[in-house]
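Note sheet for the following structure.
Please treat every number below as a calculation from the coordinates, not as lab data. For clarity, every value in this text was computed on a predicted model and none was experimentally measured. Every residue, glycine among them, receives a Cβ derived from its backbone with ideal geometry; neighbour counts consider all protein chains shown.
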Amino acid sequence: MKFRKSKPKITITSFLSHYFDEAQLWTQTQDEIELLVQLVRIIRPKNPKAAARIDIYELLDFLRKNDFVRLQFSYYIKHLLHHKEFNKFLSDAGILQDVDFIFEVRKRLFSKLLPFQPNKESLEYVLNQVFYVNTDSVWVNKIPMDQVEELYDLLLFKTIYDSIEEDSALSELLHSMSIITQRISGRAMETDVIKMVPEYDNLESPFSAFEKELIQIDEIIRNPNGDHYITSNDLYYKQLLILHKQCMDFVEKAFANTSKYGISLRVNQNLLRIRQQLHRLKVLIPLLIVDFEENKKNNGIQLALKLIKYNCYKNDVRGLISESTQLLSYEVTQHTAKTGEKYITEGKAEYFRMFRGALGGGLIVGFLCIIKVLLGKVETSAFGHAFLYSMNYAAGFIAIYLCGFTLATKQPAMTASALISALEKGMKKQGQPSEKHYAFAVLFARVFRSQFIAFVGNVIMAFPVALLGIWLIDYAFEYNIAASKWTKLLTDLSPVHSPAIFHAAIAGVFLFLSGIISGSIANRDKHGHVYYRIQEHPLLKKSFGREKTKKFADLYEKKWAGVISNFWFGIFMGSTASVGLFFGLDLDIRHITFTSGNFALGLYGGDFMASIDIIIWSIIGIGVVGLVNFLVSFSLSLGLAFRSRNIPLLEVRYIISSIWRHFTYKPMSFFFPSESKIKSEATESYLTSDTKK
């Protein structure tokens, strides 16, 4: 039996001996960069993240003992890097290049699949070929600094301050800083950006001042008779740091003002780009400072490490999405948090007010169930039914909203954000963590019982209204509208005879999306000053008067986002089945309030002759559908709220533990307003400050 011989493992020693000994084979290679690619491939660990330390002792020891190889290898590396430009790479890599978010994501994804290859005379080309694995920066930074410094000395590298001629490392560094500064100055002067910080209207732009200061430093360093660096005691350097902080304050103030003025994705991307560029300058400025002789070598090494890092992360899609969407998600959830506070009941008065609102919601849904059955009898296409069902749902949801009624499962998307808003404020308060988490558990109990009573109100009203409505139609016209589909109406409620749980989860996703739409519309209108535009519209003031126009603007501000949100929720609910039919998929929605109405229609349609088995499963199905609606919508909203506030997910463990302890101690408080007044001062302060704002 023949065994396949495995290739002998190439070591650093054998590789260097083969190419850089007296034969000088490295000079005969067709692609000079390929040798460095192979050497890095030998050093690169299989699992860089798992390794605690990357040791290059073998390389250092071999170079120490073999002067000829060391000198040949040193000459090869220097020749490879000689006059390689990198100013554009240093000013661009990993920084947003376009305010169009989708374009930027698409560009980075494409670059991951088919990496951009720059001119061969650029340093970026070398980095692309050598450090092409995303984790290369991880293991390179795990090489002990003393070993990196020894390698620097063995290869006889000069410091970056030895030359300021064109294409030298220091000249490229200064050029890249100049490019970044000019880009920031122009971007910061755009109208949409300035509008976010009216506090700076009558002040000199800190970006222009920063640019002027950097020019002064550039001239000092480029002075042929100077040292080509500055010290930390230099007045220009100190002033540059002050101006850099002022520029950062400008950006942070713009982000902070989003609660007042809202923010668009375009402006968000603009501000993110400025912040990224300022951070890049913060990293590069210290490389111009030399207080001690050893700083020269250390700064050169740090520049090399940063270049490798930026090359590895320049196409980072996850980081781009995370950074770009965080502020927007915060603004969206902040709107839903404010809206959700009204869904959290504390005392009996609020509890029964929620119950009355839920009864009103159930009343309208009962009629919607009947109308949907009647619309199903219209002879039209699947698209026609989708349109009719969507308009039925949308009109009903908008009516519930405008009348001040409650649709139970619209609450989770709102109350999740309110809970996180309260948790965020509580985490900032002083005191024992257990005390804060206990207070949060009490608040969660209030949310849960609000959901419970809303479910009860919706269900117990939708059922009799639908039953009364179908009976009246049958009595008046002698026509049982559900006679032909009563079996389907009941079967669709059963979690064992139909995919009711899956369909309930779809409805939960739509509930979550409707909350997102509401927050997005509110944020967009705030940023566009829509309310103020309406209030000061000359034709409206002339036609209706200033007072009525202002009232209309106030009504728009309070209601419009909710109207649009409910309209789209109706579209989602009404068109899902038709979309599923088009694609050949079993898609539909199940909503707890509608299931109770459909249960009444199914019973009457079958002349109350349905089997006990299907009735029991239908009743169970109503409860399961409601639970799934709540869990899916609440979980998605909670996840988004956690993400938007940068609250660690590990906090969930302590919160759940605190909620469970509170449930075992006072289970009835999760269903009825029965908390005792015996609370510590800190707990009461937390609850009142965070739920009543």
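With a sphere of radius 10 Å drawn around the Cβ of Val138, what net charge do the other residues whose Cβ falls strictly inside it have (Lys, Arg +1; Asp, Glu -1)? Please list the in-between numbers first.
Details: positive: Lys49, Lys142, Lys309; negative: Asp136.
Computed value for this residue: +2.
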Seminar exercise, completed: Per 20 angstrom bin, beginning at 0 and ending with the bin that holds the maximum distance, the Cα pairs of the chain fall in percents of 14, 34, 29, 18, 4, 0
Problem set entry | region 447-588, dipole about Cα centre (Lys/Arg Cβ +1, Asp/Glu Cβ -1), debye to the nearest 20 | 940 debye
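In square nanometres, what is one fourth of the surface area of the convex hull spanned by the alpha carbons of region 93-216? Working shown, then result.
On the way: hull surface 46.3 nm².
That works out to 11.6 nm².
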For this session: Would you work out which of Gln72, Val378, Gln239 lies farthest towards the positive end of the dipole of the chain? Charges go on Cβ: Lys and Arg +1, Asp and Glu -1.
Result: Val378
Exercise. With r defined as the distance between the Cβ atoms of Gln97 and Arg653 and R0 fixed at 30 Å, what FRET efficiency is calculated, to the nearest 0.05?
Worked result: 0.15
For this session: Relative to the longest principal axis of the C-alpha atoms of the chain, give the angle of the C-alpha long axis of helix 101-113, reported between 0 and 90° and rounded to the nearest 10°.
Result: 50 degrees
Exercise. So which of Lys212/Lys282; Lys9/Lys120; Lys49/Lys306; Lys377/Lys485; Lys372/Lys488; Lys78/Lys142 end up more than 20 Å apart by C-alpha?
Worked result: Lys9/Lys120; Lys78/Lys142
Problem set entry | With Cα atoms, 0 to 90° folded angle of helix 651-665 axis to the chain main axis | 30 degrees
Exercise. Taking region 100-167 as the region of interest, what is the percent of Cα-Cα pairs per 5 angstrom bin, listed from the shortest bin to the one with the maximum distance?
Worked result: 3, 12, 12, 16, 21, 15, 9, 8, 3, 0
Exercise. Along the charge dipole of region 162-289, which of Ile184, Leu265, Ala209 sits closest to the positive end, that is, farthest toward it, with unit charges on the beta carbon of Lys, Arg, Asp and Glu (+1, +1, -1, -1)?
Worked result: Leu265
For this session: Report, in degrees rounded to the nearest 10, the 0 to 90 angle that the Cα long axis of helix 293-313 makes with the longest principal axis of the chain.
Result: 40 degrees
Exercise. What are the residues whose amide H is under 5 Å from the amide H of Glu85, where those residues sit 5 or more places off or on another chain and H is modelled from the backbone?
Worked result: Leu123
Seminar exercise, completed: The exposure ranking of Arg449, Arg222, fewest beta-carbon neighbours within 10 Å first, is Arg222, Arg449
Problem set entry | Dipole magnitude (debye, nearest 20) for region 162-289, charges at Cβ of Lys, Arg, Asp, Glu | 780 debye
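At R0 = 35 Å, how high is the FRET efficiency between Phe352 and Phe608 if r is their beta carbon distance? Nearest 0.05 is fine. Mind showing how you got there, number by number?
Working: r = 32 Å, r/R0 = 0.93.
Computed FRET efficiency for Phe352 and Phe608: 0.60.
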Seminar exercise, completed: Measuring from its Cα centre, the chain shows a charge dipole (+1 at each Lys and Arg Cβ, -1 at each Asp and Glu Cβ) which, in debye to the nearest 20, is 2240 debye
Exercise. Among His279, Val317, Leu173, whose Cα sits farthest toward the positive end of the charge dipole of the chain (+1 at Cβ of Lys/Arg, -1 at Cβ of Asp/Glu, about the Cα centre)?
Worked result: Val317
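Ranked by Cβ crowding within 10 angstrom, fewest neighbours first, how are Phe440, Phe567, Phe367 ordered? Please report the intermediate quantities before stating the final value.
On the way: Phe440 26, Phe567 20, Phe367 17.
Taking fewest neighbouring Cβ atoms as first place, the list is Phe367, Phe567, Phe440.
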Problem set entry | Equivalent ellipsoid, region 515-594 (semi-axes from 5 times Cα gyration tensor eigenvalues, Å) | 37, 12, 11
For this session: Return the whole-Å distance between the Cα centroid of region 479-497 and the Cα centroid of region 360-405.
Result: 18 Å
For this session: Treat the count of other C-beta atoms within 10 Å as a stand-in for reagent exposure and order Ser494, Ser633, Ser163 from fewest to most.
Result: Ser163, Ser494, Ser633
For this session: Return P(r) of region 162-289 (all Cα-Cα pairs; 5 Å bins starting at 0; whole %; ordered from short to long distances).
Result: 2, 10, 21, 22, 16, 11, 8, 6, 3, 1, 0
